[in-house]
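Quick notes on the structure that follows.
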Amino acid sequence: MVDYRDVLRALSKLDEELATHNPAHPLLFKLFGPRYSKALEIALEGRVKKYVFRPSGRILWIVVGRQREYLIYEKVAYCSCDDFYFAIMDGKALVCQHLIAQRLAEKLGWYDTVEEEDGLFDSLMKDWRGPIPVVNSNGHDDEK
Ligand SMILES: [Zn+2]
């Protein structure tokens with residue numbers, strides 16, 4: 001299990017480097033490895049979306065991936081992708097490419113803003129979160 005403070009430290013390091021260097025600086029590639037190249041590509045392709053819900057003003061960040069859209073909680077450094085789930089939770093990586101891409105896009109203004117009604121929030125969240133596992137009334141997954 002990864003120490004979450006390391007994840008947050010890695011992301012604030014990214015913020016720091018982005019503030020003083022251009023996003024193509026070799027140091028950034030060195031810090032995050034191949035995930036950084038992928039993140040830069042995502043941000044450059046305009047695949048980071050900022051959803052602003054009205055009238056609440058609630059904000060959600062979405063990264064459009066190859067297979068599906070990923071939900072990012074940028075404040076707690078969470079992403080709904082498999083890489084985040086497996087590599088980060090196992091401590092094999094600190095951040096996934098989507099978290100880096102969201103950071104890049106936000107800092108550099110490379111994102112699209114999508115305005116939606118508050119009434120659509122729940123159904124959009126359902127799509128982004130993916131299917132919810134079915135649990136029986138006894139509270140356990142059916143293994144039959
Ligand atoms: Zn991710």
Work out from phi, with θ = phi - 60° and the Karplus expression 6.51 cos²θ - 1.76 cosθ + 1.60, the ³J(HN,Hα) of each residue of the range 97-103, listed in order in whole Hz, and give x for Gly and Pro. 5, 6, 5, 5, 4, 4, 4
Between the range 74-111 and the range 1-69, the alpha-carbon center distance in angstrom: 6 Å
Given H placed on each backbone N at 1.01 Å, which residues far from V114 in sequence or on other chains put an amide H within less than 5 Å of it? K50, Y51, V52
What 222 nm value per residue comes from the helices of the chain, counting each DSSP H run with n ≥ 4 as -39,500 (n - 2.57) and dividing by all residues, nearest 500 deg cm²/dmol? -12000 deg cm²/dmol
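Rg(Cα) of the chain divided by 2.2 N^0.38 Å?
Relative to the rule-of-thumb radius for its length, the chain sits at 1.15.
Every read-out reported here was derived from the displayed coordinates using simple, explicitly stated rules and does not represent laboratory data. None of the values given here were measured: they were computed from a predicted structure.
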